[in-house]
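The structure appears below as structure tokens.
Every number here is computed from the coordinates shown, using simple stated rules; none is lab data. No experiment lies behind these values; they were computed from the predicted model shown. So basically every Cβ, Gly included, is an ideal-geometry build from the backbone, and we count neighbours across all protein chains shown.
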Amino acid sequence: MSHRIHALELGPMQNFIYLIEDLASRRCAVVDPAWDVPAIDELARKLELTVSDILLTHSHHDHINGLSEMLARHDAQLHLLKSEYRFWEATEYSPTLYTGGDTIELGESRIEVLHTPGHTPGSACYRLGNDLLTGDTLFVYGCGRCDLRGGDPETMYNTLKNLRDRLPAGTIVHPGHNYGDSKTTNMQQQAEGNPFMHFDNSEHFRQYRMHDHGKLRSQPYHPVSPEAIKKLYRG
């Protein structure tokens, strides 16, 4: 193990802000700095870590409202996907840009950049070994909205299907919000209980994501069986 993941829950929307600690170099990457930069800095100080990098899963305000302050406090490099930078239109920043499938080196830790669109065009997940930081792409028994600017339910359907089918069952999911009945989960639990992963039809997924989900479920999200989803759209 070359790294550790540390989480802070901050702000009125139950955001998770993560510090990825590289054990060898004592460097850390902050993922989605928002809401309380002094609290983020205090955790880094307690852990005796140097903030050298900032990773964005996407550019919505609740995930980046501490970014300018974070960059002012630290000589840190900003990282995000090229497609998200175009969508964001934040020309005041000079990030390192990726297309997906790239790797960020944080000391001895290798961070794989996955392009996971659907919530926004350039949403990213960051994978380190068995850990997956998912932003608003995947929650514990939920997924990000697709009705905001840049969202697309059919794209989200394909993204979630790819994550479910291609990643190992034991992959630990670290979501962007604390909306579920636990703070983390694994891919097998999501494949078995996340209703958004039960669809084999993108039109039914669209109907559920855009219209039915908000009527049928409330937080914290709990597992939903595949059979329960099939009953909704039978016939």
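Scanning residues 5 or more positions from GLY66 or on other chains, those with amide H under 5 Å from its amide H are ALA34, TRP35, with H placed 1.01 Å from N in the peptide plane. According to the Kirkwood relation over distinct C-alpha pairs, the hydrodynamic radius of the range 2-86 is 12.8 Å.
Top mean-square fluctuation among LEU128, LEU80, LEU167, Gaussian network model of the chain, C-alpha springs under 10 Å? Looking only at LEU128, LEU80, LEU167, the largest GNM fluctuation is found for LEU167. Near HIS177, once Lys and Arg are set to +1 and Asp and Glu to -1 for all other residues with Cβ below 12 Å from its Cβ, the sum equals -2. Computed over the alpha carbons of the range 111-195, Rg followed by Dmax gives 11.5, 33 Å. As a length-normalised measure over Cα pairs under 8 Å and 6 or more apart, the relative contact order of the chain settles at 14 percent. Exposure proxy shown here: for MET197, MET13, MET156, MET1, the number of other Cβ atoms within 10 Å sets the order, fewest to most, as MET1, MET13, MET197, MET156.
Between exposed GluC sites (Glu not before Pro) in the chain, where DSSP calls loop and at most 14 other Cβ atoms lie within 10 Å, what's the longest gap? So the longest stretch without any such site is 109-235. By the Stokes-Einstein formula, at 1.306 mPa s and 10 °C, the range 3-232 with its Kirkwood radius over alpha-carbon pairs has D equal to 90 µm²/s. Exposure proxy ranking for LYS183, LYS215, based on other Cβ atoms within 10 angstrom of each Cβ and starting from the fewest, stands as LYS215, LYS183. What does DSSP give for the range 3-232 in terms of the percent of beta bridges that are antiparallel, rounded to the nearest 5? Taking every DSSP beta bridge with both residues in the range 3-232, the antiparallel ones total about 65 percent.
Here the range 34-112 and the range 158-235 have alpha carbon centers that stand 28 Å from each other. With R₀ fixed at 25 Å, the C-beta to C-beta distance from LYS231 to LYS161 puts the FRET efficiency at about 0.75. The length gained by stretching the chain between HIS211 and ARG4 to full extension, at 0.36 nm per residue less their Cα-Cα distance, is 70.7 nm.
Considering helices alone, the calculated mean residue ellipticity of the chain at 222 nm is -7000 deg cm²/dmol, with DSSP H runs of length four and up weighted by -39500 (n - 2.57) and normalised per residue.
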